[in-house]
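Asker: I have a structure here, written as structure tokens, and I will follow up with some questions on it.
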Amino acid sequence: MPQQALTVVRGDDVELLDDPINPAWVLEGRPRARVCTWVTSADQTASSFVWDCTAGRFRWYFAVDETVTIVDGSVTVTPDEPEGAEPVTLRVGDGACFRAGTWSTWHVEDYVRKHALLRVPVPGPMAKVVNGLGRRAHRLGRPPAR
């Protein structure tokens with residue numbers, strides 16, 4: 001099935017579905033998380049979603065690379081690495097990138113809503129090939145023939 005040339009998401013137009021946080025990860029409170037994946041790349045290696053969460057403190061594991069932009073509320077994040085890392089508060093308009101294979105502690109004082117891009121990391125040798133193809137296509141600077 002062909003992908004649309006343009007997919008748009010507008011503010012509150014998405015229907016967020018319950019996305020419970022692993023109970024073993026919850027440190028304080030009763031955070032309620034919800035999510036809506038609104039687009040996925042043709043090769044299934046990237047997806048964009050909207051996620052929100054109510055007050056609580058919990059651990060989070062990033063299985064894939066995740067780049068976020070906070071669109072409502074705030075969250076204080078403490079990464080596990082490097083050891084002794086200082087907490088960082090992300091507010092509306094702030095962006096952050098969490099690398100695959102890492103843990104952090106999230107403290108949501110009231111509410112947070114984020115837009116995020118999840119990307120499956122490509123293994124090193126394959127990344128060189130993919131990057132090389134992308135640079136070559138960019139250098140050619142012309143669209144494919146119709």
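Asker: Which of the residues belonging to the stretch 73-96 are within 29 Å of Pro123 (Cβ to Cβ) and part of a loop (DSSP other than H, G, I, E, B)? Explain how you work it out, then say what you get.
Answerer: Here is the first cut: in the stretch 73-96, the ones within 29 Å of Pro123 (Cβ to Cβ) are 77, 79-83, 85, 95-96.
Passing the criteria: Asp80, Glu81, Pro82, Glu83, Ala85.
Asker: Give the stretch 6-49 a look and list any residue that's at pLDDT 95 or above and in contact with a Leu (Cβ under 8 Å, 6 or more places away or on another chain), or say none.
Answerer: Arg34, Val35
Asker: Being assigned to a loop (DSSP other than H, G, I, E, B) and out of contact with any Asp or Glu (no Cβ under 7 Å at 6 or more places or on another chain) is the requirement here; does Glu15 meet it? Spell out the reasoning first.
Answerer: Numbers: assigned to a loop (DSSP other than H, G, I, E, B): yes; out of contact with any Asp or Glu (no Cβ under 7 Å at 6 or more places or on another chain): yes.
For Glu15, the condition - assigned to a loop (DSSP other than H, G, I, E, B) and out of contact with any Asp or Glu (no Cβ under 7 Å at 6 or more places or on another chain) - is met.
Asker: Still on this structure: Among what's in the stretch 23-72 and is touching a strand residue (DSSP E or B) at 6+ places or on another chain (Cβ under 8 Å), among the polar types (S, T, N, Q) and assigned to a loop (DSSP other than H, G, I, E, B), pick the residue that is nearest to Thr105 (Cα to Cα).
Answerer: Of the stretch 23-72, the ones touching a strand residue (DSSP E or B) at 6+ places or on another chain (Cβ under 8 Å) are 25-41, 45-62, 64-72.
From the residues that got through so far, the ones that are among the polar types (S, T, N, Q) too are 37, 40-41, 45, 47-48, 54, 67, 69.
Now narrow it down to the ones that are assigned to a loop (DSSP other than H, G, I, E, B): 41, 45.
Values: Ser41: 29, Thr45: 26 Å.
Only one residue tops the list, namely Thr45.
Asker: What single numbered condition from (1) polar (S, T, N, Q); (2) loosely packed, with under 12 Cβ neighbours inside 10 Å; (3) touching a Gly at 6+ places or on another chain (Cβ under 7 Å) fails to hold for Asn22?
Answerer: All conditions pass for Asn22, except number (3).
Asker: Would you say Thr89 is touching a Cys at 6+ places or on another chain (Cβ under 6 Å) and more than 17 Å from Trp25 (Cα to Cα)? So that I can check it myself, show each step before the final result.
Answerer: On the way: touching a Cys at 6+ places or on another chain (Cβ under 6 Å): no; more than 17 Å from Trp25 (Cα to Cα): yes.
No: the conditions fail for Thr89.
Asker: Can I ask one more? I need a count of the residues in the stretch 23-40 that are in contact (Cβ under 8 Å) with a residue 12 or more places away in the chain and polar (S, T, N, Q). Lay out the reasoning, then the answer.
Answerer: Looking only at the stretch 23-40, we keep the residues that are in contact (Cβ under 8 Å) with a residue 12 or more places away in the chain, and these are 25-39.
Okay, now just the ones that are also polar (S, T, N, Q), so 37.
Residues meeting the conditions: 1.
Asker: Look at the stretch 79-125 and say how many of its residues are without any contact (Cβ under 8 Å) to a residue 12 or more places away in the chain and in contact with a strand residue (DSSP E or B) (Cβ under 7 Å, 6 or more places away or on another chain). Lay out the reasoning, then the answer.
Answerer: Narrowing the stretch 79-125 to residues without any contact (Cβ under 8 Å) to a residue 12 or more places away in the chain: 82-86, 123-125.
Retained after the next criterion (residues that are in contact with a strand residue (DSSP E or B) (Cβ under 7 Å, 6 or more places away or on another chain)): 85.
Residues meeting the conditions: 1.
The values are calculated or read from the model by the stated rules, or taken from the named source; none is laboratory data. In this text, all values refer to a predicted model and were calculated from it rather than measured experimentally. Neighbour counts run over all protein chains shown; Cβ positions are idealised from the backbone, glycine included.
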